[in-house]
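Trainee: After the structure tokens below, expect a handful of questions from me.
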Amino acid sequence: MNLQKPVRTIAPVGPVATLAEAKKALRIDDEDTIENGFIESLVAAATSYLEGDEGILGRCLISQTWVVKADCFPLDGEILLPFPDVSSVTVTYFDETNQSQTLSAGLYHLVETDSGSAVQLASAAAWPATYGRPDAVTITLAVGYGAAADVPPAIKTAVLMMAGHLYENREDVVVGVSAVVVPNGAQMLLAPFRRIGF
């Protein structure tokens, strides 16, 4: 089974931290609107550095939908998903006659393992045969902690710290000092949430 690169199909409904929260963290007067767009872009940049298939955490934050495709079902009974914190999955496939089918929800379970979320075949069930194509199996997953309020405070604080660092250091190098991408405090806050090796 060869899993393809996951693709996000539905983005989060909003940012991890609101503009008001970011401005409060930056100690900026709420009436000053000159840099609002820039501040929002810094929060978005910090968030994208952390989440998704290329983020350093190896997970997603606010609820979003991703699709991952494969050329067949696995030989064993488990499909390890690209992210943890999956709330629901739908599995579709192309059968031996190349017709699209939806796998019955009774044939599999969504579980959390030591490695993250996985789709496990139900007891005594078997994966169906598929047509020979690179996208024979499609798994659509709803993933993330939930709303912005459900994101762990440590992650949200780290996002704000990173945005603050980027706000104060707008160049790659400050005179005489190399600008650090992730401040030490943010690294400490994020460490428990990183999925190493994924």
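The values are calculated or read from the model by the stated rules, or taken from the named source; none is laboratory data. Everything numeric in this text was worked out from a predicted model, so none of it was measured. Cβ: placed from backbone, ideal geometry, glycine included. Neighbour counts: every protein chain shown. For accessibility, only protein heavy atoms count, side chains too; no ligands or nucleic acids. Shrake-Rupley method; radii C 1.70, N 1.55, O 1.52, S 1.80 Å.
Trainee: Would you say Ala122 is modelled with pLDDT under 95, open to solvent by less than 30 Å² (accessible area, probe 1.4 Å) and closer than 19 Å to Phe83 by Cα?
Mentor: Values: modelled with pLDDT under 95: yes; open to solvent by less than 30 Å² (accessible area, probe 1.4 Å): yes; closer than 19 Å to Phe83 by Cα: no.
The answer is no for Ala122.
Trainee: For Val67, are the conditions met, namely being assigned to a loop (DSSP other than H, G, I, E, B) and in contact with a Ser or Thr (Cβ under 7 Å, 6 or more places away or on another chain)?
Mentor: Taking the combined requirement at face value, the residue does not satisfy it.
Trainee: Let me ask something else about it. Which ones in the stretch 22-35 are touching a Pro at 6+ places or on another chain (Cβ under 9 Å) and either farther than 9 Å from Ala163 by Cα or without any contact (Cβ under 8 Å) to a residue 40 or more places away in the chain (or both)?
Mentor: none
Trainee: Tell me which residues, restricted to the stretch 52-64, are assigned to a loop (DSSP other than H, G, I, E, B) and either closer than 19 Å to Leu19 by Cβ or of a type in the set (Ser, Thr, Tyr) (or both).
Mentor: Answer for the stretch 52-64, where residues must be assigned to a loop (DSSP other than H, G, I, E, B) and either closer than 19 Å to Leu19 by Cβ or of a type in the set (Ser, Thr, Tyr) (or both): Leu61, Ser63.
Trainee: Answer yes or no as to whether Tyr145 is in contact with a Ser or Thr (Cβ under 8 Å, 6 or more places away or on another chain), closer than 23 Å to Ser87 by Cβ and surrounded by 15 or more Cβ atoms within 10 Å (Cβ to Cβ).
Mentor: yes
Trainee: Tally up the residues in the stretch 134-147 that are on the phi < 0 side of the Ramachandran plot and part of a loop (DSSP other than H, G, I, E, B), please.
Mentor: Matching residues across the stretch 134-147 total 5.
Trainee: Out of the stretch 106-125, which residues are closer than 13 Å to Ile139 by Cβ and out of contact with any Phe, Trp or Tyr (no Cβ under 8 Å at 6 or more places or on another chain)?
Mentor: Tyr108, Leu110, Ala118, listed by residue number.
Trainee: Now for a separate question. When only residues in the stretch 36-78 that are closer than 30 Å to Phe94 by Cα and free of Cβ contacts under 8 Å to residues at least 12 places away in the same chain count, which is most open to solvent (accessible area, probe 1.4 Å)?
Mentor: Restricting to residues being closer than 30 Å to Phe94 by Cα and free of Cβ contacts under 8 Å to residues at least 12 places away in the same chain, the top hit is Glu54.
Trainee: Can you name the residue in the stretch 148-175 that is among the aliphatic types (A, V, I, L, M) and not in a helix (DSSP H, G or I) and, of all such residues, is least open to solvent (accessible area, probe 1.4 Å)? Write out each step before concluding.
Mentor: Keep residues of the stretch 148-175 that are among the aliphatic types (A, V, I, L, M), which gives 148-149, 151, 154-155, 158-163, 166, 173-175.
Filter once more, keeping what is not in a helix (DSSP H, G or I): 151, 173-175.
Details: Val151: 6, Val173: 98, Val174: 57, Val175: 142 Å².
Only one residue tops the list, namely Val151.
Trainee: Within the stretch 3-17, work out how many residues are open to solvent by 70 Å² or more (accessible area, probe 1.4 Å) and not in a strand (DSSP E or B).
Mentor: 4
Trainee: Any residue that is among the aliphatic types (A, V, I, L, M), at pLDDT below 95 and open to solvent by 60 Å² or more (accessible area, probe 1.4 Å) - is there at least one of those in the stretch 80-95?
Mentor: Within the stretch 80-95, one or more residues are among the aliphatic types (A, V, I, L, M), at pLDDT below 95 and open to solvent by 60 Å² or more (accessible area, probe 1.4 Å).
Trainee: Counting only residues that are in contact with a strand residue (DSSP E or B) (Cβ under 6 Å, 6 or more places away or on another chain) and open to solvent by 40 Å² or more (accessible area, probe 1.4 Å), how many does the stretch 101-110 have?
Mentor: Qualifying residue count for the region: 4.
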